[in-house]
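Asks: The structure that follows is given in the form of structure tokens.
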2 protein chains.
Amino acid sequence: MAELAAQLRPSLLRLTRIVRNQRVDLSVTLTQISAMGTLKKHGPMSAGELATCERVQPPSMTKVLASLEERGLVRRETHPTDRRQVIVAITDEGLALLDSERRSRDAWLSQRLTGLTADERALIRKVIPVLDKLADQK
Amino acid sequence: MAELAAQLRPSLLRLTRIVRNQRVDLSVTLTQISAMGTLKKHGPMSAGELATCERVQPPSMTKVLASLEERGLVRRETHPTDRRQVIVAITDEGLALLDSERRSRDAWLSQRLTGLTADERALIRKVIPVLDKLADQK
DNA sequence: TCGTTTCGTTAGGTAGACTAACTATCGTGA
DNA sequence: TCACGATAGTTAGTCTACCTAACGAAACGA
């Protein structure tokens, strides 16, 4: 079990290193893309909820939201009844950028994926929910 | 295919975020551990080779090696015939630290892994070489 | 209504990567 | 043989992306 952990860790590390640096439009970072993707997928939510989804601490999300809002990619509104909360929603500009960014970013990973066999791709498809389960625990 | 890429990316990102921050001994970082692990696995090699193995640029490796050497965890020697090259080897102290660090670091991931079913663990075991293949291409 | 909790932000720090530019060394072709 | 391009590594500087600690404002509960 510990051996499996020891093998998985560096593999994750290296692949993420490569994926993160594969930046097409330098104006938006992978972290920002990921946050917008969550907003697109799950709809508007509070800053804290978004931080939890993204597995970062609230201050990190504050910074991400600040740059995204500055560029009009998300909207921050105060919660209708609880004025401590900030509700974040993705804008149309955000959606548009997300789409174009996703396409170009994914091109690279897609191309790598074509280098795999169909069986290997099927394996990856099946392991994604397991990785998410791993990240979600506790 | 692009869809698979889009799903894999944020999952990798989040899991790595968690794994990286799961630091037991704050004196050694995951990046340093990974470099030492490669040295342990493949034996002494040049700084450039190590950078290639770890998928980082040479200057990044220089920094990693500088802190590791300062703490006596690796040894830097000049190549016997080519004095441009620097051959890096892990020291006994490095091996010892690697062992203890690996144990405590892996404890966390291992515990997460116990939350999975045997099938899910088998899936992860099988996907590791595929992830490495993905990182190694080109 | 006053203390406690919660939510988000500010401030400051560190890790970890990059590029550009430099030094030292090597190898080669005129 | 020696001058010049290529290669290996380092230095310098920058940037992203996290973190923790501390803070202010709002909400809540006794």
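Each reported figure results from applying straightforward, stated rules to the coordinates on display, with no laboratory input. All values reported here derive from a predicted model rather than from experimental measurement. Neighbour counts run over all protein chains shown; Cβ positions are idealised from the backbone, glycine included.
Asks: Under a Cβ-Cβ cut-off of 12 Å, what is the net charge of the residues other than B:Leu116 that fall near it, where Lys and Arg count +1 and Asp and Glu count -1? Let's see the in-between values first.
Replies: Values: positive: A:Lys133, B:Arg112, B:Arg121, B:Arg125; negative: A:Asp132, A:Asp136, B:Asp119, B:Glu120.
That works out to 0.
Asks: Right, next: Mind listing the long-range amide H neighbours of A:Met45? Cut-off is under 5 Å, sequence gap 5 or more, other chains count too, H placed in the peptide plane at 1.01 Å from N.
Replies: Sorted by chain and number, the residues that satisfy this are A:Val88.
Asks: Once both labels are modelled 7 Å past Cα along the beta-carbon direction, what's the A:Thr114-A:Lys133 spacing in nm?
Replies: 3.3
Asks: Which whole-number percent of Cα pairs in region A:9-138 have a distance greater than 25 Å? Spell out each step's value before the answer.
Replies: Numbers: 2774 of 8385 pairs.
In whole percent, the share of Cα-Cα pairs in region A:9-138 beyond 25 Å is 33.
Asks: Positive end of the charge dipole of region A:1-69 (Lys, Arg +1 and Asp, Glu -1 on Cβ, about the Cα centre): tell me which of A:Ala66, A:Ala35, A:Leu12 has its Cα farthest that way.
Replies: A:Leu12
Asks: Oh, and also: Of A:Lys126/B:Lys40; A:Lys41/B:Lys63; A:Lys40/A:Lys63, which sit over 29 Å apart, Cα to Cα? Walk me through the numbers on the way to the answer.
Replies: On the way: A:Lys126/B:Lys40 32 Å; A:Lys41/B:Lys63 39 Å; A:Lys40/A:Lys63 19 Å.
The pairs that break the limit, which is 29 Å between Cα atoms, are A:Lys126/B:Lys40; A:Lys41/B:Lys63.
Asks: Then there's this: May I ask you to compute the full-extension gain from B:Arg76 to B:Ser104, defined as 0.36 nm times their residue separation minus their alpha-carbon distance, rounded to one decimal in nm?
Replies: Working: separation 28, 0.36 × 28 = 10.08 nm, distance 2.73 nm.
Answer, rounded to one decimal: 7.4 nm.
Asks: Still on this structure, please answer the following. If contacts are Cα pairs under 8 angstrom and at least 6 residues apart, what is the relative contact order of chain A in percent? Mind showing how you got there, number by number?
Replies: Numbers: 98 pairs, mean separation 28.8, N = 138.
Relative contact order comes out at 21 percent.
Asks: Please tell me the relative contact order of region B:57-123 in percent, rounded to the nearest whole number, where contacts are Cα pairs under 8 Å and at least six residues apart. Intermediate results must be reported in sequence, preceding the final value.
Replies: On the way: 38 pairs, mean separation 13.3, N = 67.
Relative CO of region B:57-123 lands at 20 percent.
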